[in-house]
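A.B. asks: Handing you this structure, nothing more for now.
The values are calculated or read from the model by the stated rules, or taken from the named source; none is laboratory data. The model shown is predicted, which means the values in this text are computed figures rather than measured ones. Cβ sites come from the backbone with ideal geometry, for glycine too, and all protein chains shown count toward neighbours.
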């Protein structure tokens, strides 16, 4: 297999035409070989990129902007592994990585959580057997706390300051223990967390209270692979799924407007469960009144075929990649 | 017709004994040193992994190029070294630059399958033509990429490979374009010629470089290639461009002004078919007849006698075959010759007349010097409207099923292929799609495209999918999830169970009990859930405490998947209740576990032992009823198995039983007293 990490230029902002459309296709700037499937990646800083591999290795790549090359800067081999040495090289896939310079947290199929520091050879901290099932994703809650989701439908908070290897809190869904695949935290209001499950359900949690989600929204028809709050416009949420769709959830519209649920199959419904505590700062995401604060949901992909595996959003730009080996760039998200 | 056997290069069954093993996508052939018994030739190992279909089937080049071989192994020439051959069905899918072709065409294919069938007549045809154009643009984009790769690579072998691919793709586009004109669009007399002219202009590219060279020179009319360019313009019916160049000649050479003006006028007035409905065929024919006669007159008057170039152009305008044939080098191909002939002798040619002109064009052009090549045969078959022949020839020549599969599918949607039943019952379109998709499945990533193709093969698609999907290597959980989703969407329950079992076993071996449970929940596999619970319980018995509490404490409704799992959950709950000092509830739960037979017999002793501390509490916890129940359980346990000799002999066990009996008796005593006592006032 020939897997590569590539850096592309998606066109300059200065080249916007009359309608603000960008001209030209994304150009490949540089690429480098990668061992194993790329399971997750995130920029550590302007130049460095952390990549999680299916072989269990975590690598930092450096992008040299002057001569447009990529080089492997640092590598933690066997960051994730299984105990049984009979399996092929004993490596376990590293499923998620999150960075907060200089700290890097990774999770994997071995149920292990690693805390690395860029440029330090060994892991700063490792929590073995943090979970008896696969950890699918991780994100920072606060600077010293992380959130993980696993394949038995649990959302866990870990306090990295504490030395004990137990989560400080465990949340789970009420019904079947559907595996959770992705997690993201609201950029401004840190108590609001969104997770996506194997059945395509989007759950919104308020982690200050209760152990169950505040809202359960029946969304996709298959696994939801990634969920992202827009970093500067957190009234907008994006989810992508195995069913080939990418949804844009917009809670910024007014009460007076009728909601429009644009879903090809027409079977999308929103179940808003009732939270019992009044909040002074009402976030649209935690709405408990179905008659107010509706959401507009749009499928951004006109002809869906294969799975959308990953997405990212920044400013007016949205990038997503599909199983049809295509990457799409949308530079006018809010036009 | 018989199928020529394919030979794996380097593997010679007469020299060495060969043995082979089927893999999911490949055949491994290796040379062995075992002595040969019987002396009969072993069966040729180069048959494709799918048996019965290929025996003797000649239809659409069935097995003709099913395998290509590649050497995998060391050892070169030395007689004692053995080699292992990896024989793969479909080499082309591994070419990096072709991936774009496969992916994009998959999208177009899916769009076609889903498109509106209700649209009839013209709009449907327009839709199909658009699909065909999309396919062609994908081929061209791929050609461009391949060309870039060929130019930028430094490895000459690779460069050669890319260049070959470019010419193959170019030929594919040529054939497809012709099929689009003749079959999909089914151009009628009139527009037919225009389309054919476009076709020729598109595929003879040498013109452009020549034109550039001539135009960029200081005095174009003096350039040695000048007349070549003018001629080729005329041959391709590009009148305006030809006239433009001729004007340069006229201005440079005033003596020929008169001739030029006449020729220019003739060229300007030449009647051509139009795409719209502005004139009927008869009108066109009339006009054309007049014009033809006018040209004839000028030629016979000797107007162009002094300038051989212009005279030859005039002859071409008159459709003089010999004059046209003189420009053989410029036209390079017989089909160019054909179209030029048609342009100048029969512009209102009907589709069904093409075959005669095509045949004679080949004969005239090649003149017996060279025999037609495969490409020529394919194009001939197209001109003869022999669709099946086209597909058959393409299948034989091309190394990959991509082209024939997609083209046949498109033609099928145009309702042009009669259901041509093959030996085993499915039609040609399905057969080709099955072959193509099977090839995709041997690729570690392109198999996802293959799934959709199988979906659209009504007869055998599902069976093929069932067989192939189980053989995809599941290297990560994410890949397994994708495969599972595909199976679930198609109600392939067997495969779902099988895959979940594989993943659960893997997880279990790696001691990931939570993952294993998660997989068995997905498959609703009660047996496996029981297995996992037993593992937990075993761990508990050995270590005295539970591992993975986060899992057991949070089982939720999935607890009901299997009895053992329910027991595990409840047992843990018992421990929790005990830890929280909620003794009466704990006691009730414990009893229920035994009386409702949720607990496995092997565990009863442990449960009863757990009851001990409850019995020994200061307060009386178990009621009389409950105590009787416990006693009954104990008796059931001890009296039950006569062959549990060691149970009796084991001191620890007997002590436990004794202690239990004592505790139970004491509890019974206390509780009888307590229950018998009237509440004090």
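A.B. asks: Assess whether residue B:536 counts as being touching a residue at least 12 places away in the same chain (Cβ under 8 Å) and under 30 Å from residue A:112 (Cα atoms).
C.D. replies: yes
A.B. asks: Just to check your reading of the model, which residue among B:134, B:177 is surrounded by 13 or more Cβ atoms within 10 Å (Cβ to Cβ) and within 14 Å of chain A (Cβ to nearest Cβ)?
C.D. replies: Just a single option satisfies the conditions, and that option is B:134.
A.B. asks: Take the range B:627-662 and flag every residue that is in a helix (DSSP H, G or I) and at pLDDT below 70.
C.D. replies: B:640, B:645, B:646, B:647, B:648, B:649
A.B. asks: For the range A:139-157, what are the residues that are assigned to a strand (DSSP E or B) and either closer than 18 Å to residue A:40 by Cα or more than 14 Å from chain B (Cβ to nearest Cβ) (or both)?
C.D. replies: Scanning the range A:139-157 gives A:139, A:140, A:141, A:142, A:145, A:146, A:147, A:148, A:149, A:150.
A.B. asks: Quick check on the range B:623-634. Is at least one of its residues within 29 Å of residue B:517 (Cβ to Cβ) and free of Cβ contacts under 8 Å to residues at least 24 places away in the same chain?
C.D. replies: The answer is no; no qualifying residue exists.
A.B. asks: Could you pull out every one of the strands (runs of 3 or more DSSP E) wholly within the range A:171-238 that has 3 or more residues that are within 14 Å of chain B (Cβ to nearest Cβ)?
C.D. replies: Passing ranges, in order: A:180-185, A:224-229.
A.B. asks: Only one residue in B:471, B:509 is surrounded by fewer than 16 Cβ atoms within 10 Å (Cβ to Cβ) and in contact (Cβ under 8 Å) with a residue 24 or more places away in the chain. Which one?
C.D. replies: B:471
A.B. asks: May I pose another question? Could you grab me the full set of residues in the range B:108-124 that are facing chain A (nearest Cβ under 9 Å) and touching a helix residue (DSSP H, G or I) at 6+ places or on another chain (Cβ under 9 Å)?
C.D. replies: B:110, B:111, listed by residue number.
A.B. asks: Turning to a different aspect of this structure: Failed condition for residue B:348, given (1) over 23 Å from residue B:164 (Cβ atoms); (2) in a helix (DSSP H, G or I), with all others met?
C.D. replies: Every listed condition holds for residue B:348 apart from (2).
A.B. asks: Considering only residues that are farther than 14 Å from residue A:51 by Cα and outside any strand (DSSP E or B), look in the range A:89-102 and name the one that is nearest to the other protein chains (Cβ to nearest Cβ).
C.D. replies: Among those that are farther than 14 Å from residue A:51 by Cα and outside any strand (DSSP E or B), it is A:92.
A.B. asks: Tell me, which helices (runs of 4 or more DSSP H) lie completely within the range B:513-558 with 3 or more residues that are in contact with a helix residue (DSSP H, G or I) (Cβ under 8 Å, 6 or more places away or on another chain), facing another protein chain (nearest Cβ under 8 Å) and buried (at least 16 other Cβ atoms within 10 Å of the Cβ)? Steps first, answer last, please.
C.D. replies: Numbers: elements: B:513-523, B:526-543, B:549-552.
Hits in the range B:513-558: B:513-523.
A.B. asks: Can I ask one more? Of all residues in the range B:468-484, which are outside any helix (DSSP H, G or I) and within 7 Å of chain A (Cβ to nearest Cβ)? Break it down stepwise before answering.
C.D. replies: Pass one, the range B:468-484, residues outside any helix (DSSP H, G or I): B:470-476.
Hits for the range B:468-484 are B:475, B:476.
A.B. asks: Failed condition for residue A:152, given (1) under 26 Å from residue A:229 (Cα atoms); (2) crowded, with 23+ Cβ neighbours inside 10 Å; (3) in contact with a strand residue (DSSP E or B) (Cβ under 7 Å, 6 or more places away or on another chain), with all others met?
C.D. replies: (3)
A.B. asks: Continuing with the same structure: With B:586, B:611, B:599, B:624 as the choices, which residue is over 27 Å from residue A:172 (Cβ atoms) and buried (at least 21 other Cβ atoms within 10 Å of the Cβ)?
C.D. replies: B:611
A.B. asks: Name the single residue, out of those in the range A:302-320 being at pLDDT 90 or above and within 14 Å of chain B (Cβ to nearest Cβ), that is farthest from residue B:101 (Cα to Cα).
C.D. replies: Applying the filter and picking the extreme gives A:310.
A.B. asks: With the checklist (1) under 19 Å from residue B:229 (Cα atoms); (2) not in a loop (DSSP other than H, G, I, E, B) in hand, flag the one item residue B:294 doesn't pass.
C.D. replies: (1)
A.B. asks: Name the single residue that is modelled with the highest pLDDT among those in the range A:281-298 being crowded, with 17+ Cβ neighbours inside 10 Å and in contact with a strand residue (DSSP E or B) (Cβ under 7 Å, 6 or more places away or on another chain).
C.D. replies: Among those that are crowded, with 17+ Cβ neighbours inside 10 Å and in contact with a strand residue (DSSP E or B) (Cβ under 7 Å, 6 or more places away or on another chain), it is A:297.
A.B. asks: For the range B:360-400, how many residues meet the condition of being assigned to a loop (DSSP other than H, G, I, E, B), free of Cβ contacts under 8 Å to residues at least 12 places away in the same chain and more than 16 Å from residue B:170 (Cβ to Cβ)?
C.D. replies: Selection size over the range B:360-400: 7.
A.B. asks: OK, next. Within the range A:103-113, count every residue that is surrounded by fewer than 24 Cβ atoms within 10 Å (Cβ to Cβ) and either part of a strand (DSSP E or B) or at pLDDT below 90 (or both). I'd like the intermediate steps shown before the answer.
C.D. replies: Taking the range A:103-113 first, the residues surrounded by fewer than 24 Cβ atoms within 10 Å (Cβ to Cβ) are A:103, A:105, A:112.
Narrowing the set further to residues that are either part of a strand (DSSP E or B) or at pLDDT below 90 (or both) leaves A:103, A:105.
The number of residues fulfilling the criteria is 2.
A.B. asks: Quick test of your reading of the structure: residue A:323 fulfils all but one of (1) more than 14 Å from every other protein chain (Cβ to nearest Cβ); (2) in contact with a helix residue (DSSP H, G or I) (Cβ under 6 Å, 6 or more places away or on another chain); (3) modelled with pLDDT of 65 or more. Name the failing condition by number.
C.D. replies: Unmet condition: (1).
A.B. asks: Residue by residue through the range A:115-137, note down the ones that are surrounded by 23 or more Cβ atoms within 10 Å (Cβ to Cβ) and either in contact with a helix residue (DSSP H, G or I) (Cβ under 7 Å, 6 or more places away or on another chain) or away from chain B (no Cβ under 14 Å) (or both).
C.D. replies: A:116, A:131, A:132, A:133, A:134 - these are the residues of the range A:115-137 that are surrounded by 23 or more Cβ atoms within 10 Å (Cβ to Cβ) and either in contact with a helix residue (DSSP H, G or I) (Cβ under 7 Å, 6 or more places away or on another chain) or away from chain B (no Cβ under 14 Å) (or both).
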